[in-house]
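These notes are about the structure you will find just below.
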Amino acid sequence: MTSDWNVEIAPGVHMPLLGLGTWQARGEAVERAVGYALELGYRHVDTALMYGNEREVGRALSASGVARGEVFVTTKLWPDRAGRERETIEESLAALGLESVDLWLIHWPPGGRARADVWERLLEAQADGLARAVGVSNYTIAQLDELERATGRMPPVNQIEWSPALYDAQELRAHRERGVTLEGYSPLRTTNLRDRRLVAIAESHGVTAAQVVIRWHLEHEVVVIPKSTHPERIAENWDVFGFELSGDEVAELDDLGSGARRD
């Protein structure tokens with residue numbers, strides 16, 4: 001499934017397992033954060049129309065000196081833009097200063113429904129070269145299945161809230177059985193970083209609890225996009241490739257899960 005810490009989500013489209021999230025980051029802070037992350041070696045940046053920071057993310061990408069083909073860029077369609085999909089992706093591309101994004105997601109199910117018609121518009125944008133891959137965010141398994149029944153195309157990515165505290169083996173297995181890459185957001189916000197089991201594992205490796213949480217995602221081959229605008233945290237979140245979690249440690253962290261990510 002993965003090679004060199006990437007997962008293939010479409011033919012020739014490889015998504016890095018670790019990226020930088022930018023939710024609630026605005027202005028010069030997000031521009032500096034993205035620039036610093038790219039200097040460190042991050043090659044995956046996640047933004048969205050609703051975040052109001054696509055222009056700043058685009059400026060950081062342009063100023064970084066990193067070749068466009070080396071950076072995986074995701075943005076998202078806010079549900080109230082359903083029916084204006086083409087206009088929205090063109091606005092996002094103009095703000096980012098890009099000819100295409102690597103991944104375009106439906107941010108939330110519009111009106112709480114799967115909306116196969118909106119999914120079809122994303123597939124059209126992909127066919128027209130505006131996005132190398134398209135997917136969804138915050139969809140249930142039933143909604144994923146509904147999209148496939150209606151269009152014959154299963155979304156290759158579903159970005160959802162995910163962490164050890166929200167771990168649900170059945171949910172992960174259901175994504176895998178459908179060939180859907182699970183991408184987790186808010187990995188640290190939803191985790192008790194003082195949990196004694198988590199702290200003990202971190203101490204045994206000489207790393208922080210946050211680093212263990214991020215590494216746990218990688219061990220599960222789940223894409224993870226921790227957000228920060230603080231250079232020291234951005235660096236800490238990236239420094240997770242020098243240690244591994246044992247199978248027993250992964251299982252212990254799995255046991256933190258309530259399976260209660262959402263109704």
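A short reminder: the numbers here are calculations on the coordinates, not readings from a lab. Keep in mind it's a predicted model, so treat the numbers as computed, not measured. Glycine gets a Cβ as well: all are built from the backbone with ideal geometry, and neighbour counts include every protein chain shown.
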| query | Tell me, what ³J(HN,Hα) does each residue in segment 168-178 have, in order and in whole Hz, if you take phi through Karplus 6.51 cos²θ - 1.76 cosθ + 1.60 with θ = phi - 60° and put x for Gly and Pro? | reply | 9, 4, 5, 5, 5, 4, 5, 5, 4, 4, 9
| message | Could you tell me how far the Cα centroid of segment 38-71 sits from the Cα centroid of segment 184-263, in Å? | response | 24 Å
| note | Given the candidates GLY111, HIS175, GLN159, the one whose Cα lies deepest towards the positive end of the charge dipole of the chain, counting +1 at each Lys or Arg C-beta and -1 at each Asp or Glu C-beta, is GLY111
| remark: For the chain, percent of DSSP beta bridges that are antiparallel (nearest 5) comes out at 20 percent
| request: Please quote Rg/Rh for the chain to two decimal places, taking the Kirkwood radius as Rh and restricting both calculations to Cα atoms. | output: 0.95
| Dipole magnitude of the chain about its Cα centre (Cβ charges: Lys, Arg +1; Asp, Glu -1), debye to nearest 20 | 560 debye
| Residues with amide H under 5 Å of ILE106's amide H, sequence separation 5 or more or different chain, H placed in the peptide plane at 1.01 Å from N; which? | LEU77, GLY135, VAL136, SER137
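In deg cm²/dmol, rounded to 500, what helix-only [θ] at 222 nm does the chain give when every DSSP H run of at least 4 residues adds -39500 (n - 2.57) and the total is split over its residues?
So the helix-based figure for the chain works out to -12000 deg cm²/dmol.
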| query | Which percent, nearest 5, of DSSP beta bridges in segment 1-89 are antiparallel? | reply | 55 percent
| Overall Cα dimensions of segment 194-247 - principal axes, largest extent first, Å | 30, 23, 20
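Expressed as cubic angstrom per residue, what is the convex hull volume of the alpha carbon set of segment 1-107?
Spread over its residues, the Cα hull of segment 1-107 gives 102 Å³ apiece.
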| query | Based on the alpha carbon coordinates of segment 87-231, what radius of gyration and maximum Cα-Cα distance (Dmax) apply, in Å? | reply | 17.3, 51
